[in-house]
Amino acid sequence: MSVVRAALLAVLTAVVVAVVVVVAMGTPVSWAIVISLPAGAAVLLAGLFSGAFDADWTPEPDRPSSSVCLHATSLTERLSQAAADPYRFTSRVQPRLRRLAVTTLRRDPDTADIADLHDPRARARLGDDLHRLLTAHDASLPKPNEFAALVRRLEEL
C-alpha cells in the first residue's frame, strides 16, 4: 500500500473513532482526538507494512534436478582437489576432458575419424594450449579464469 493511501486510511480511521467516542460516550472533542490517535497510528503502521506481507503469486522457479546438483558438486570437488594435487588432475579431470574433446571433435565431419588427440588435426583444431592441457602427462590445472576460457573454447568447437 502506498504511503498516501495508508495515511488517508489512518486519518479516516481516527476520524471515525473520534466521532464514535464523542457521539456514543459523550466525551469532549479534545479527549476524543487523544483517544483516536493510537487507533490511527496503528492503522497507519498496518497500512505501511502490509505490502511486505502481500502474497507473491509468481510461480517458483524449477529446482535443479538432483543429478545436476550432484554432478556440479562432484565436479567442484574434483577441481578443488586437482588444484592442490597435479596427480589428481591428470588421473581424474584430464581423462574426462580428453573424452569430451574427442567426442566434440568427432561431431565435425572434417575430424570425424580422429582416434585420439595425438592426431595433428586435433592439435590444429584445439590449439596448442588446450591440446597441451589435455594430452601432457605433466599438465596441471591452470588458474580458474584460464581454465574457464579453455573449457569455453572446447565447448565452442
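The values are calculated or read from the model by the stated rules, or taken from the named source; none is laboratory data. None of these values were measured; they are calculated from a predicted model. Cβ coordinates were reconstructed from backbone atoms using ideal geometry, including for glycine residues, and neighbour counts include every protein chain displayed.
Out of everything in the range 84-118 that is over 18 Å from residue 156 (Cβ atoms), touching a helix residue (DSSP H, G or I) at 6+ places or on another chain (Cβ under 8 Å) and surrounded by 14 or more Cβ atoms within 10 Å (Cβ to Cβ), what residue ends up being modelled with the highest pLDDT?
Among them, the one singled out is 94.
Has the range 49-60 got any residue that is at pLDDT below 85 and more than 30 Å from residue 7 (Cβ to Cβ)?
Checked the range 49-60: at least one residue is at pLDDT below 85 and more than 30 Å from residue 7 (Cβ to Cβ).
Of the residues 115, 139, only one is touching a Phe, Trp or Tyr at 6+ places or on another chain (Cβ under 9 Å) and either under 21 Å from residue 75 (Cβ atoms) or outside any helix (DSSP H, G or I) (or both); which?
After ruling out the rest, the residue left standing is 139.
Inspect all residues belonging to the range 71-81 and state whether any of them is in contact with a Leu (Cβ under 9 Å, 6 or more places away or on another chain), outside the structural domain of residue 146 (by TED's automatic domain parsing) and surrounded by 11 or more Cβ atoms within 10 Å (Cβ to Cβ).
Yes, the range 71-81 contains at least one residue that is in contact with a Leu (Cβ under 9 Å, 6 or more places away or on another chain), outside the structural domain of residue 146 (by TED's automatic domain parsing) and surrounded by 11 or more Cβ atoms within 10 Å (Cβ to Cβ).
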